[in-house]
Amino acid sequence: MNRKFSSYQVGDTVNILGYKETEFSEKTQYLVKSSFQNIHVNTDRIDLIDDDFTFWENQWFQHRARDVQNNGWHSSNRDLLHIDAMEFFEEVKQNNLVFEDEVLYDYLYQLIFKIHPSHLIKDKNRIVHLAIIKSTEPTYFSFDNGMIILTTGAISLAKNESDIVKMLSECLANTVLDHNLVNLNQAIKAENRARTWGTITTLASSAVMAYGNAKNGTYYNFDDALTLGLAASYLTAENMQRIGANYNDEQNRLVKSVAAQYWKEHKDQYSTSDKQVMAILSNAVSYTAWQEFYSKNYEYALLLAEQIENMGMATEDEYLLLSKLYRRLGNDLDTNLQALAYLKDARAMALETMVDLDLEEGMIYLRMEDFKNAKASFLKYRENLIAMQNANATMPKTDLKYINQLLRRFNMYEDNKNVSALD
């Protein structure tokens with residue numbers, strides 16, 4: 001103490017339990033433990049023995065310490081939120097909705113270690129960890145136990161390291177400020193909480209169809225991607241409310257303010273170039289582009305695919321997607337020729353057979369009424385499907401049936417001297 005107050009004398013040591021801003025002035029006060037009752041004292045009356053707090057310790061001390069002192073840790077409710085986090089992760093994992101990319105995860109964890117290098121201030125020892133969900137929803141949130149959830153859709157919106165750091169900082173602010181717990185306590189009081197993960201039907205997600213068929217050696221019929229909406233069923237407002245992550249306007253304003261303050265104070269620590277960041281994020285951006293394509297959001301899918309191409313980072317997957325998008329979005333000669341050029345680029349980069357290139361090429365030639373080349377492409381596609389069928393007897397035969405029907409109806413079988421019945 002540097003000034004006398006209550007029963008304390010100058011030089012006395014006091015325990016500080018919390019911190020708050022006064023309602024009618026810009027002054028701040030500490031909540032101090034007293035013999036009779038806890039009292040608020042202006043900060044200029046107390047010299048801190050150890051004020052070497054981290055940024056996040058200061059945030060917790062300012063916004064949460066007082067409530068914890070008055071009401072405790074609410075450990076039972078925190079345990080419910082921890083169970084929810086683990087159940088959520090297990091459900092999306094079982095449904096093949098967790099996006100895997102070791103380089104991306106490593107980069108994000110490097111950022112997390114910079115942003116919040118220590119344990120969280122919770123009733124139990126918790127550290128920050130991360131999961132990325134395959135979803136076009138541009139969503140990011142966190143659980144009380146420190147698990148941050150990012151979607152591929154949210155990651156695809158980032159243009160630089162600042163965007164990613166602010167996203168992670170907002171998630172951390174919600175966790176540090178106990179927003180999930182506060183919202184859960186209110187939900188329990190309103191008696192509207194229900195355990196609902198089990199009501200979401202467990203399906204084998206085919207979202208993986210939309211990315212990299214050549215990488216896993218299995219051919220997928222992309223147009224059968226019927227469960228792309230599965231991830232969205234885990235991200236509904238009802239489920240976000242259940243886990244306390246349906247943050248209100250006041251909470252959103254506060255975390256954005258905290259994240260902006262963090263960036264202002266620490267931005268000199270971050271120096272990864274925009275191009276390097278884009279390289280790290282590119283798989284997630286590509287995946288989102290494929291998802292948008294199968295959701296028929298062609299213009300946005302094109303924007304994302306061209307973003308990768310313009311950075312000089314396109315692979316065979318992006319070139320195939322660009323060809324498909326050009327075919328969907330136009331039908332003039334220049335558009336069709338550009339679509340074929342993208343397929344040529346894809347073939348040059350592919351390390352193994354990508355059967356979908358032949359089908360796509362045949363479709364473009366067919367619309368250009370170049371029936372000779374269309375026939376050659378379709379026959380090659382059929383030949384590769386048969387080879388894959390022979391190598392994997394359990395592979396679905398729907399695609400082989402489709403190409404057989406197409407060849408028959410357009411009179412393009414090998415034993416037919418006529419190129420097309422359309423002549």
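The values are calculated or read from the model by the stated rules, or taken from the named source; none is laboratory data. In this text, all values refer to a predicted model and were calculated from it rather than measured experimentally. A quick note on method: Cβ atoms are made from the backbone with ideal geometry, for glycine too, and the neighbour counts reach across all protein chains shown. All accessible areas refer to the heavy atoms of the entire protein, side chains included, with ligands and DNA or RNA removed. Shrake-Rupley method; radii C 1.70, N 1.55, O 1.52, S 1.80 Å.
General remarks:
Here's the yes/no breakdown for (1) touching a residue at least 12 places away in the same chain (Cβ under 8 Å); (2) closer than 24 Å to Arg367 by Cα; (3) crowded, with 20+ Cβ neighbours inside 10 Å:
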position	(1), (2), (3)
Trp290	yes, yes, yes
Glu299	yes, yes, no
Met311	yes, no, no
Glu318	yes, yes, yes
Leu321	yes, yes, yes
Gly330	no, yes, no
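- Across region 118-127, not a single residue is classified as outside any strand (DSSP E or B), basic (Lys, Arg) and closer than 19 Å to Ser233 by Cα.
- Cβ-Cβ contacts under 7 Å between residues 6 or more apart (or on different chains), taken from a first residue in region 239-253 that is at positive phi and assigned to a loop (DSSP other than H, G, I, E, B) to a second residue that is surrounded by 17 or more Cβ atoms within 10 Å (Cβ to Cβ) and hydrophobic (A, V, I, L, M, F, W, C), are listed as Gly244/Leu81; Gly244/Leu181; Gly244/Leu184.
- Failed item in (1) touching an Asp or Glu at 6+ places or on another chain (Cβ under 8 Å); (2) part of a helix (DSSP H, G or I), with Gln276 passing the rest: (1)
- Residues in region 279-315 that are part of a loop (DSSP other than H, G, I, E, B) and of a type in the set (D, E, K, R): 1 in all.
- Yes/no for Lys397 being over 24 Å from Leu340 (Cα atoms) and surrounded by fewer than 16 Cβ atoms within 10 Å (Cβ to Cβ): yes
- Look at region 357-384: where a residue is under 18 Å from Asp345 (Cβ atoms) and a partner is surrounded by fewer than 17 Cβ atoms within 10 Å (Cβ to Cβ), sitting 6+ places away or on another chain with Cβ atoms under 7 Å, you get Leu357/Arg347; Tyr365/Asn373.
- Yes/no for Ala348 being without any contact (Cβ under 8 Å) to a residue 60 or more places away in the chain and open to solvent by less than 70 Å² (accessible area, probe 1.4 Å): no
- Against the criterion of being closer than 25 Å to Leu181 by Cβ, out of contact with any strand residue (DSSP E or B) (no Cβ under 6 Å at 6 or more places or on another chain), at pLDDT below 85 and not hydrophobic (A, V, I, L, M, F, W, C), Asp67 qualifies.
- Matching strands (runs of 3 or more DSSP E) fully within region 129-220 where at least 2 residues are modelled with pLDDT under 95: 129-133
- Check on Ser286, among the small types (Gly, Ala, Ser), modelled with pLDDT under 95, surrounded by fewer than 23 Cβ atoms within 10 Å (Cβ to Cβ) and within 30 Å of Val165 (Cβ to Cβ): no
- Qualifying residue in region 334-342 (condition: open to solvent by 40 Å² or more (accessible area, probe 1.4 Å) and either at pLDDT below 95 or of a type in the set (D, E, K, R) (or both)): yes
- Scanning region 63-83 for residues that are in a helix (DSSP H, G or I) and within 30 Å of the chain's Cα centre (by Cα) returns His63, Ser75, Ser76, Asn77, Arg78, Asp79, Leu80, Leu81, His82, Ile83.
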